[in-house]
Every structure is written in C-alpha cells, then in structure tokens.
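Scroll down for the structure; my scribbles are underneath it.
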C-alpha cells in the first residue's frame with residue numbers, strides 16, 4: 001500500500017485537484033495526474 005509520503009514525493013507540485021460534482025470525471029483526474037498533481041473525482045452513491 002502506498003503511503004502519504006510516497007504520494008507526496010511523486011508529485012511535482014503540492015496540489016490536489018478537488019472533486020467538483022458536475023465536472024469531475026476520470027479524464028480530468030488522469031490529466032491532473034499526468035501534470036504531476038493529484039487528481040480526484042467525486043464518488044456518486
């Protein structure tokens with residue numbers, strides 16, 4: 001399992017793209033990860 005420190009060490013910027021309910025999707029999350037940030041998307045339950 002990856003630790004928080006390992007995640008932070010792999011980032012080029014200390015930025016997390018917060019999930020936005022109507023516009024976040026896997027494509028946006030992957031694009032932010034490709035730029036060295038942490039991408040996320042909301043969980044729809």
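Legend: Rg and Dmax of the chain, from Cα coordinates, 11.1, 32 Å.
Peptides 19-28, 32-41 ranked from most to least packed give 32-41, 19-28, packing being the mean of other C-beta atoms within 10 angstrom over each peptide's residues.
Nearest 0.05, what FRET efficiency do residue 31 and residue 5 give at R0 = 22 Å with Cβ-Cβ as r? The calculated FRET efficiency here is 0.35.
Per-residue ellipticity at 222 nm for the chain, helices alone: DSSP H runs ≥ 4 residues times -39500 (n - 2.57), over residue total, nearest 500 deg cm²/dmol?
So the calculated ellipticity at 222 nm is -8500 deg cm²/dmol.
Coordinate-derived values only; no laboratory data. Just so it is clear, the structure is predicted and the values come from calculations on it, not from any experiment. Note that each Cβ is placed from the backbone with ideal geometry, even for glycine, and that neighbours are counted across all protein chains shown.
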